[in-house]
Every structure is written in C-alpha cells, then in structure tokens.
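Right, one structure below, let's go through it.
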Amino acid sequence: MKYKPSVKQLTHDLMGTYNMRCMSTVNTYLHNEFVACLLNVETRIHSCEIHSAEFTALIESELQKLPRRNPLEDDFLQDHHLFGFFFNGLAGLESAVYGLAIMIGMSFPKEFPIKIPNQNPAPRTSADPEPWTLRDLTIKDVAARLRQTLPSAL
C-alpha cells in the first residue's frame, strides 16, 4: 500500500523543514504570516472535502429517487454546499499564493521586498522593486512579479 500523507502531515512537514532552514534569518512577523497561510490552506482543503461529500450525497440521493424531506431545503443545501466548495477552493488558492509570496519575500528580500506593518521601510534605489503590501496582495500581483523577476522560472 502506498503511503499517502494527510494535508495536516504535509503542512507540519513543510513548516518544520522551512523552520529549520530559515528561522535564524527570518522576520518573525513574516514567519507567523507564513505559518498562518499554511494552516489556512489546510482548513480550506478540509472544508472543500466536507462540502464535496455533502453535495455528492445530496445529488446521489436525488438520483436514486429517495424520498425528499423538503424540496426547497434540499435545493438550498445543494446550493450551499456547491457554493461552499468553490468559495473555500478559491480562498485556499489565494492563501497558498499569499504564503508563496511571503516565502519568496523571506528567501529573496532584495528581489521581492515586503512592506511590514509598523516598520520603517528600508532605503531603496530607483532600480529596486516596489515593496509588496501584504494586505493588497493578489494572485495576479504575485504572478506578474514572478514573471518580471524570474522569467525563466515561469
């Protein structure tokens, strides 16, 4: 039987590996944000699994012509679980990209500077890239910055 680690185990392993490599040089605020991202991704994946199972069970009961409790309630629950699945999937993807941006910012602070709240920004030249503001970070921003800075990697 092939070993298939859980999302929780993968998250724990990734955090442990990253902690050993970088903890001595990493900003504590960014490290805490990164760990929060990993935990949020784990939570969102788990939530997707739950919504998927519930939605599938509702559809299967409908296909098997089982008696419905209340058609409006079943329709509401189907919509609720379908929306919950996609909403949590997108939120998990955004959290993963946010965590990726933080990890890249910690690993390459010169190429990917991150503006940390309540901290004076480091002096920069006109050639230095504009620091990322974590609050305004989007999937599109991260992809554009990666394409600009590391074109061969994408």
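At pLDDT 75 or above and in contact with a Ser or Thr (Cβ under 6 Å, 6 or more places away or on another chain): does that describe residue 94?
no
Can you tell me which residue among 100, 63, 90 is surrounded by fewer than 14 Cβ atoms within 10 Å (Cβ to Cβ) and under 26 Å from residue 31 (Cβ atoms)? Talk me through it step by step, then tell me what you get.
Working: 100 fails: surrounded by fewer than 14 Cβ atoms within 10 Å (Cβ to Cβ); 63 fails: under 26 Å from residue 31 (Cβ atoms).
So the residue among 100, 63, 90 that is surrounded by fewer than 14 Cβ atoms within 10 Å (Cβ to Cβ) and under 26 Å from residue 31 (Cβ atoms) is 90.
With (1) among the polar types (S, T, N, Q); (2) touching a helix residue (DSSP H, G or I) at 6+ places or on another chain (Cβ under 6 Å); (3) under 23 Å from residue 149 (Cα atoms) as the list, and residue 107 as the residue in question, which single condition is left unmet?
Condition (2) is where residue 107 drops out.
Give me a count of the residues in segment 29-72 that are touching a helix residue (DSSP H, G or I) at 6+ places or on another chain (Cβ under 7 Å) and among the hydroxyl-bearing types (Ser, Thr, Tyr).
So the answer is 2.
Kindly evaluate residue 101 against the criterion of being in a helix (DSSP H, G or I), closer than 21 Å to residue 141 by Cα and modelled with pLDDT under 90.
On the way: in a helix (DSSP H, G or I): yes; closer than 21 Å to residue 141 by Cα: yes; modelled with pLDDT under 90: yes.
Yes.
Mind listing just one residue for me: the one in segment 11-55 that is among the aliphatic types (A, V, I, L, M) and at pLDDT below 55 and, of those, farthest from residue 117 (Cα to Cα)?
Of everything passing the filter in segment 11-55, 20 is farthest from residue 117 (Cα to Cα).
Consider segment 60-86. How many of its residues are within 24 Å of residue 44 (Cβ to Cβ) and of a type outside the set (S, T, N, Q)?
Total meeting the criteria: 10.
Hey, residue 58 hits all of (1) in contact with an Asp or Glu (Cβ under 7 Å, 6 or more places away or on another chain); (2) modelled with pLDDT under 80; (3) not polar (S, T, N, Q) but one; which does it fall short on?
Going through (1) in contact with an Asp or Glu (Cβ under 7 Å, 6 or more places away or on another chain); (2) modelled with pLDDT under 80; (3) not polar (S, T, N, Q) one by one, residue 58 breaks only (2).
Give me the pairs, please: first residue somewhere in segment 98-125 and over 23 Å from residue 39 (Cβ atoms), second residue anywhere and among the polar types (S, T, N, Q) and at pLDDT 85 or above, beta-carbon distance under 6 Å, and either six or more positions apart or on two chains.
Final answer for the pair search is none.
The values are calculated or read from the model by the stated rules, or taken from the named source; none is laboratory data. Note that this is a predicted model, so its numbers are computed, not measured. Cβ: placed from backbone, ideal geometry, glycine included. Neighbour counts: every protein chain shown.
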